[in-house]
Amino acid sequence: MSKSSSISELTNLLVKSLRHRIGGIVNFNEIYAQKYSRDAEVLFREVEKVFGAENWNNYDRDRIKQELRKKLKAELERCEFLDERKFEVMDEEINKALANLWLK
């Protein structure tokens, strides 16, 4: 698999994981919040597998962060059922997720 396709797959999985994590955070009183949190963890494990399959340089990391932010913002805009605080926690959750990946 090429690096471009790996980046695309990685960002798509990260978007799903972060969407679920953010959904669990902003709508924590809803019935599905715990399920969203568990799903986020499972998806993040898949992200770690894809991430570990490549050697990433600083350019790749910047590209991943930019694509992730763009895709996640678009995804959260489509999720009208999530509280509007979703955009407030988006950057923080992106930074946490990427920090977890870079440290491993």
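The residues 28, 81, 51, when put in order of fewest to most other Cβ atoms within 10 Å, stand as 81, 28, 51.
Taken about its Cα centre, the chain carries a charge dipole of about 240 debye when Lys and Arg each add +1 at the Cβ and Asp and Glu each add -1 at the Cβ. Straight-distance candidates among the lysines for linking to residue 71, with alpha-carbon spacing under 19 Å and chain neighbours fewer than 8 residues away dropped: 3, 16, 86, 96.
Each pair of Cα atoms in the chain enters the Kirkwood radius, and Stokes-Einstein at 10 °C and 1.306 mPa s then converts it into a translational diffusion coefficient of 115 µm²/s. Between 55, 42, 25, the Cα set farthest toward the positive side of the dipole of region 1-89 (charges on each charged residue's Cβ, about the Cα centre) is that of 55.
How charged is the neighbourhood of residue 67? Take every other residue with its Cβ under 13 Å from the Cβ of residue 67, and add Lys/Arg as +1 and Asp/Glu as -1. Its environment carries a net charge of +4. The residues packed around residue 40, meaning those with a beta-carbon under 12 Å from its beta-carbon, carry a net charge of +3 if Lys and Arg are +1 and Asp and Glu are -1.
Readers should treat all values here as calculations from the given coordinates under stated rules, not as data from a laboratory. Note that this is a predicted model, so its numbers are computed, not measured. We place every Cβ from the backbone using ideal geometry, glycine too, and count neighbours over all the protein chains shown.
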